[in-house]
Amino acid sequence: MEEKTEKVKAEAQQIIGVFEVLPKLVVFDLDYTLWPFYCECRSKREMPSLYPHAKGILLALKEKGIDVAIASRSPTSDIATAFLNKLSLGSMFVAQEIYSSWTHKTDHFQRIHSRTGVPFNSMLFFDDENRNIQAVSKMGVTSILVGDGVNLGSLREGLTQFSRNWNASQKNKQKWLSKYSNKPDTSNPAA
């Protein structure tokens, strides 16, 4: 198991190394994104397992200096937290927003932003529910739908999309600056 994790970590580091622009924070859902089950259907006494690529990806992101966080709408945050600790991952995350919510995940991301100070457009998010992807994308977060848990392919897709979004936002910023910064300053008419 450990050998496979190291292999995935090395591949993830190669993928990350290809990109010039990287997110400051990568946020993961838990259920059916990092692990293949719903927490509320499990017991704290069980030993959980992750999707095969999840741990290697988390380790690679951390080693590359990219923070990671959790945004999970779980009615059993105690079980989720216990599982993260059993998997020796609990201390890895700069924010763990795990609670039941009637909103999509927008509340989770507001709290993550408040806690970390990372702008939404500097975040990358992985989730298995399209409604969460749609809602969080509207906040400016690059959001990737995963079908069968996070894996090296979804990491590559996420970093590619993040890069595109970042480059598009920088072009728009440049257009705006060139359009509005060339006008004469009329704020002090006496000058």
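The values are calculated or read from the model by the stated rules, or taken from the named source; none is laboratory data. Model, not experiment: these values are computed from the prediction. Positions of Cβ are generated from backbone atoms using ideal geometry, with glycine treated the same way; all protein chains shown enter the neighbour counts. What goes into the accessible areas is simple: the full protein's heavy atoms, side chains included, and nothing from ligands, DNA or RNA. Shrake-Rupley method; radii C 1.70, N 1.55, O 1.52, S 1.80 Å.
Answer yes if at least one residue in region 103-114 is open to solvent by less than 30 Å² (accessible area, probe 1.4 Å) and part of a loop (DSSP other than H, G, I, E, B), and no otherwise.
yes
Yes or no: Gly56 small (Gly, Ala, Ser), touching a helix residue (DSSP H, G or I) at 6+ places or on another chain (Cβ under 8 Å), modelled with pLDDT of 95 or more and closer than 21 Å to Leu152 by Cβ?
Yes.
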Within region 28-44, considering residues that are surrounded by fewer than 16 Cβ atoms within 10 Å (Cβ to Cβ) and touching a helix residue (DSSP H, G or I) at 6+ places or on another chain (Cβ under 9 Å), the one farthest from Val118 (Cα to Cα): Ser43
Members of region 53-83 that are of a type in the set (A, V, I, L, M) and assigned to a strand (DSSP E or B): Val68, Ala69, Ile70, Ala71
Filtering region 102-134 for residues that are of a type in the set (Gly, Ala, Ser) and either touching a strand residue (DSSP E or B) at 6+ places or on another chain (Cβ under 8 Å) or closer than 26 Å to His53 by Cα (or both) leaves a count of 1
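Per-residue answers, yes or no, for (1) of a type in the set (A, V, I, L, M, F, W, C); (2) out of contact with any Ser or Thr (no Cβ under 8 Å at 6 or more places or on another chain); (3) in contact (Cβ under 8 Å) with a residue 12 or more places away in the chain; (4) under 26 Å from Arg42 (Cα atoms):
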residue: Ser101; (1), (2), (3), (4): no, yes, yes, yes
residue: His108; (1), (2), (3), (4): no, no, yes, yes
residue: Arg111; (1), (2), (3), (4): no, yes, yes, no
residue: Ser114; (1), (2), (3), (4): no, yes, no, no
residue: Val118; (1), (2), (3), (4): yes, yes, yes, no
residue: Asn121; (1), (2), (3), (4): no, no, yes, no
residue: Asn130; (1), (2), (3), (4): no, yes, yes, yes
residue: Ala135; (1), (2), (3), (4): yes, no, yes, no
residue: Val141; (1), (2), (3), (4): yes, yes, yes, no
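For region 142-153, state whether one or more residues are at pLDDT 95 or above and on the phi > 0 side of the Ramachandran plot.
Checked region 142-153: at least one residue is at pLDDT 95 or above and on the phi > 0 side of the Ramachandran plot.
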